[in-house]
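Here's the structure we're looking at; comments come further down.
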Amino acid sequence: MKIGIDDIGLSVPQHFFALEELAERHGIDPQKYLVGIGQEFMAVPAPDEDIVTLAANAALPLLDDASRASIATVILATESGIDQSKAAGLFVHSLLGLRADCRVVEFKQACYGATAGLQMARALVAQRPHEKVLVIATDIARYEQNSEGECTQGAGAVAMIVAENPRLLELHPHQGRYSLDVSDFWRPNLRSTALVDGKLSIEVYLESLRNAWQSYRADGGLGLEDMSFLCFHQPFTKMAKKAFSVFEAIEPEAAKALGEKAYSTSQLYGKAIGNCYTASLYIALLSLLDNSDEDLTGRNIGLFSYGSGSVGEFFSATVVPGYQAHSRRKAHARMLASRTRLGHEQYSNWFYGDNHPAVADYSTPYVTGGAFRYGGCEGYRRQYESTALSLKMAS
Ligand code: HMG
């Protein structure tokens, strides 16, 4: 049975901040961020955007009456959870008008969660091929202001419909997994910003990739020589180059044959958006599918997912004939090109201001022009509005 990604959509905030300006503020050479880190812009959510609005905006274009009727599970993966108990996907399920006969859960394991979601979706579709699963990766990556991590921040969501006989990518059955209890990046409850041991996190990421690759090969996975492209979790796009160097060391001939073009197209969106934790790997995948000028039909793609703490997984997929007809590349290009640049003060207010205070009642200013907005809290209950359906939803 062929199971995989039938449709995939991206959503990013409508504002961004340029890293050149951040470098100026930090009094350092902009080339450190542009070349050394590999980031040009960071996507900045407005006060009335959050992981729920980003998720709903990513999924909305994928839905019509037929897909609404066949989606039986929603898995939302995030590191930026909004409630200790309730799954954020329930707000999304409601905003999107999905059927009530549906299970909705939230997955958490730092940046890795969506890959666990994808594997669970694959298993569910194998069990019940007439049903589809909506997997959404949605995050706002936030570090302390003026910390080393600040330049890697970003925000965005990717929504994927997993189904039998997929129109875009067939997932292979082989899985390479590696888990290790380590404190490289973490966010204790009640903190809105992550804590990180940056250098350690890079070492653990690379160790995880080496081990996950071995596990994937031991599970019967393809050799590197059978792959055309590699998509890596990209907390910043230079990380893809570091990840590729693992293959240059362990599979030198195959890596040489692949060259930098194995991952360079997958870096384009990430450079313009920044880290989106769970969504970053899938943004890399979309970047490749949307921006490659080659026909990718029949090509094998290797994917490495990493979530600090830590879990890594290597898996692979084949691009399905006719995939181009289902591409959303024009909409994604328009979305990125129509964003508004923020100055440092506005960026600072939105990213670090007290826009979502820990009080029972507050409302957010109207900023976003997206189909969904976060209106604030009433008695600690989050309020969402849908301009698409002219509905005001409350929890
Ligand atoms: P840093 O100490 O500010 O940077 O932190 P650096 O001094 O290591 O420099 C970075 C690079 O810029 C170096 O290149 C420099 O040589 C170069 P590299 O050796 O790495 O190839 N450089 C320059 N290049 C050109 N012109 C110049 C110049 N100056 C320096 N003038 C660090 C960097 C990534 C550690 C920091 O940003 C950080 O802590 N980031 C957050 C953590 C992170 O992203 N870790 C990645 C792996 S863990 C992961 O992916 C999981 C995660 O997504 C979370 C989750 O799972 O949920 C983070």
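The values are calculated or read from the model by the stated rules, or taken from the named source; none is laboratory data. Here the structure is a predicted model, which is why all the values come from computation and not from measurement. Glycine gets a Cβ as well: all are built from the backbone with ideal geometry, and neighbour counts include every protein chain shown.
Does Arg334 qualify as being surrounded by fewer than 15 Cβ atoms within 10 Å (Cβ to Cβ) and not small (Gly, Ala, Ser)?
Answer is yes for this residue.
Kindly indicate the residue of segment 142-167 that is part of a strand (DSSP E or B) and touching a Ser or Thr at 6+ places or on another chain (Cβ under 7 Å) and also surrounded by the fewest Cβ atoms within 10 Å (Cβ to Cβ) among those meeting that condition.
Tyr143
Yes/no matrix, rows are residues, columns are (1) in contact with a strand residue (DSSP E or B) (Cβ under 8 Å, 6 or more places away or on another chain); (2) touching a residue at least 40 places away in the same chain (Cβ under 8 Å); (3) of a type in the set (Ser, Thr, Tyr); (4) farther than 21 Å from Gly4 by Cβ:
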residue	(1), (2), (3), (4)
Ser94	yes, yes, yes, yes
Arg103	yes, no, no, no
Arg128	yes, yes, no, no
Asp139	yes, yes, no, yes
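Quick check on my filter: what residues within segment 239-280 are surrounded by fewer than 19 Cβ atoms within 10 Å (Cβ to Cβ) and among the charged types (D, E, K, R)?
Lys241, Lys242, Glu248, Glu251, Glu253, Lys256, Glu260, Lys261
For residues that are aliphatic (A, V, I, L, M) and within 16 Å of the ligand (Cβ to nearest atom), tally how many sit in segment 1-33.
4
Tell me, which residue of segment 182-216 that is within 23 Å of Val158 (Cα to Cα) and surrounded by fewer than 17 Cβ atoms within 10 Å (Cβ to Cβ) is farthest from the ligand (Cβ to nearest atom)?
Out of the qualifying residues, it is Ser192.
Could you please find all residues in segment 95-143 being within 25 Å of Ala284 (Cα to Cα) and of a type in the set (Asp, Glu)?
Of everything in segment 95-143, those that are within 25 Å of Ala284 (Cα to Cα) and of a type in the set (Asp, Glu) turn out to be Glu106, Asp139.
Looking at segment 217-227, which of its residues are surrounded by fewer than 15 Cβ atoms within 10 Å (Cβ to Cβ) and either within 11 Å of the ligand (Cβ to nearest atom) or in a loop (DSSP other than H, G, I, E, B) (or both)?
Gly220, Gly223
Given the condition of a type in the set (Phe, Trp, Tyr) and either under 18 Å from the mean Cα position of the chain (by Cα) or not in a strand (DSSP E or B) (or both), answer yes or no: does some residue in segment 168-179 qualify?
No, the conditions are met nowhere in segment 168-179.
Being over 17 Å from Ala141 (Cβ atoms), within 15 Å of the ligand (Cβ to nearest atom) and at pLDDT 95 or above is true for just one of Gly81, Gly89, Gly36. Which residue is that?
From the options Gly81, Gly89, Gly36, the qualifying one is Gly36.
Please return the ranges of helices (runs of 4 or more DSSP H) entirely within segment 228-324 where 1 or more residues are in contact with a helix residue (DSSP H, G or I) (Cβ under 8 Å, 6 or more places away or on another chain), in the same structural domain as Thr193 (by TED's automatic domain parsing) and over 21 Å from Ser208 (Cβ atoms).
Where helices (runs of 4 or more DSSP H) fall fully within segment 228-324 and carry at least 1 residues being in contact with a helix residue (DSSP H, G or I) (Cβ under 8 Å, 6 or more places away or on another chain), in the same structural domain as Thr193 (by TED's automatic domain parsing) and over 21 Å from Ser208 (Cβ atoms), they are 252-258, 268-273, 280-291.
In segment 119-158, which residues are in contact with a Gly (Cβ under 9 Å, 6 or more places away or on another chain), closer than 20 Å to Phe314 by Cα and more than 13 Å from the ligand (Cβ to nearest atom)?
Arg122, Val135, Ile136, Val158
Select from segment 297-309 the residues that are more than 16 Å from the ligand (Cβ to nearest atom) and crowded, with 21+ Cβ neighbours inside 10 Å and list them in ascending order.
Ile301, Gly302
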